[in-house]
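Enquirer: The structure follows.
The values are calculated or read from the model by the stated rules, or taken from the named source; none is laboratory data. What you see is a predicted model, and the numbers here were worked out from it, not measured in a lab. Positions of Cβ are backbone-derived with ideal geometry, glycine not excepted, and every protein chain shown enters the neighbour counts. Ligands, DNA and RNA are stripped out before the accessible areas are found, and what is left, the full protein with its side chains, is counted by its heavy atoms. Shrake-Rupley method; radii C 1.70, N 1.55, O 1.52, S 1.80 Å.
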Amino acid sequence: MRSIKILVLFFLPIILCFNPLQAGIFDESIGGRSAALGFTSITMFDFWSAINNQAGLASINKLNVGVFAENKFLLASLNTKSIALAQPVSNGTIGLSVTQFGETAYNETMIGISYGIKLSKEFSAGIQLFHFAINQTIQLGRAGIFSFQGGFIYQAEERTRIAFHIFNPKIFSNSNNLLDLAEIAKLGFSYELSNVIQGFFEVHSHSKLGKGFNSGLEYHNPKNFAFRIGYSSMNDKLTFGVGLKIKNFVIDLASSMHSILGYSPQLSLTYKF
C-alpha cells in the first residue's frame, strides 16, 4: 500500500499538468467549515458564499474579510489559497475573491466579483462573474477565459433550506485549444435536527468527473464552538474539523482523508468589522 501511495504522489503533479481541469480548484468548495462537512456548501449563509454559492452573500450585513489555505495530500505543489471580502451595499452584498491552485511551474487562478441579494423572506439569489486562467510555463504557456456561476437558496421552513448552484453553464462555448472548463451543477438540502445539530446533503453533476454526493453533520454549542464530520463520494474522502468564534474572528480547521493519498489539511480565518 505504501508503494502505491508513493507512485500516485509522484505522478499526480504530472497528471495535473496535462489534465488541469480534472483536479483543480473547482472540484471542491472553499472554506474550512465546508471542507469539514464533506465539502457541502451551497445551502450555507456565510462569508465563503462569495465563491461557493453567491446567494449566501445575502446574509452578510457588515464588511467581512477572510483567507483560506489547503495543503492537498501534504504536497506543496498542490496548495490552494484564497482571499476574499464581502461588503454590504444598499440592495445586497458584493463579494471579491481570488483563488489560486498550484505553484510557479503550474497554477490555476480564478478572480471573481459576486453579488447576492435577498429577493424575499424565503428566497435569496446570487451570481459571480469570473476570469479563470492556467499558467504552465514549460509546455502550455498561459491561457484564460471568462465565465460565470450562480445559484439560489430557498428557506423552505424555519429549519429547512433547499439550494441550487451552477458553475460555468454551457450557454455559450468557452473552450479553446488549452481550456475546456467543466460545467458543475449542485442541488443541496440542509436541515436543523435540533438547536445544536445541523445536517447537510448535496448531489452534483460534473461534466468531466461524473455524478456524486457530499454530506456533513455539524454540532455547535452556545459557546461558539463547532465540531463537524462529513463524506464526499466524488473523491472518496472522509472529512472532519472544528470551528471557533473569538469575538469578531472565526477560525475553521479541517482535514479530508483519502484512503490512498492521505490527508489534506485546511484552514480558514474570517474577520467581521
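Enquirer: If you take every residue apart from SER259 with its C-beta less than 9 Å away from the C-beta of SER259, what net charge results, scoring Lys and Arg +1 and Asp and Glu -1? Before the final figure, lay out each step's value.
Expert: Working: positive: LYS237; negative: ASP236.
Its environment carries a net charge of 0.
Enquirer: Right, here's the next one. Calculate the tail of P(r) for the chain: the fraction of all Cα-Cα distances greater than 22 Å, expressed in %.
Expert: Value for the chain (Cα pairs over 22 Å): 55 percent.
Enquirer: On to the next question. I want to check a number: in the range 156-261, how many lysine pairs have alpha carbons closer than 27 Å, given a sequence separation of 8 or more or different chains?
Expert: Within the range 156-261, the lysine pair count is 11.
Enquirer: Determine the per residue accessible area of the range 113-263 with all protein chains present and a 1.4 angstrom probe, expressed in square angstrom. List each step's numbers first, then the result.
Expert: Details: 8050 Å² over 151 residues.
Here the per-residue accessible area is 53 Å².
Enquirer: What does the charge dipole of the range 153-273 about its Cα centre add up to, to the nearest 20 debye, if the Cβ of each Lys and Arg holds +1 and the Cβ of each Asp and Glu holds -1?
Expert: Values: 12 positive and 9 negative charges, 53 e Å.
The calculated dipole for the range 153-273 is roughly 260 debye.
Enquirer: Would you mind telling me the share, in percent, of accessible area of the chain contributed by carbon and sulfur at probe 1.4 angstrom? Walk me through the numbers before you get to the answer.
Expert: On the way: 8470 of 12950 Å².
Answer for the chain is 65 percent, counting heavy atoms of protein chains only.
Enquirer: Still on this structure: Taking R0 as 25 Å, what's the FRET efficiency between ASN195 and PHE123 from their Cβ-Cβ distance, rounded to 0.05? List each step's numbers first, then the result.
Expert: Values: r = 25 Å, r/R0 = 0.98.
Efficiency, from the Cβ-Cβ distance: 0.55.
Enquirer: Order the following by accessible area, largest value first: GLU157, GLU108. Probe radius 1.4 Å; ligands, DNA and RNA are ignored. Please report the intermediate quantities before stating the final value.
Expert: Working: GLU157 105, GLU108 0 Å².
So, going from the largest accessible area down, we get GLU157, GLU108.
Enquirer: Need one number: nm distance between label points at ASN91 and ILE229, each 7 Å from Cα along Cα→Cβ, rounded to one decimal.
Expert: Output for this residue pair reads 4.6 nm.
Enquirer: Hey, another quick one. 7 Å from Cα along Cα→Cβ at both THR104 and MET257: what's the point-to-point distance in nm?
Expert: In this crude spin-label approximation the distance works out to 3.6 nm.
Enquirer: Right, here's the next one. From the square roots a ≥ b ≥ c of the eigenvalues of the alpha-carbon gyration tensor of the range 80-166, which class results: rounded (a/c under 1.5), prolate (a/b over b/c), or oblate? It would help to have the intermediate numbers written out before the result.
Expert: Working: a/c = 2.97, a/b = 2.48, b/c = 1.20.
Note, shape of the range 80-166 comes out prolate.
Enquirer: Moving on. What distance in nm separates the simple spin-label points at ARG159 and ASN61, each placed 7 Å from Cα in the Cβ direction?
Expert: Going from the ARG159 label point to the ASN61 one covers 2.4 nm.
Enquirer: How tilted is helix 2-18 with respect to the longest principal axis of the chain? Cα atoms for both, answer in degrees (0 to 90, nearest 10).
Expert: Relative to the chain, helix 2-18 is tipped by roughly 90 degrees.
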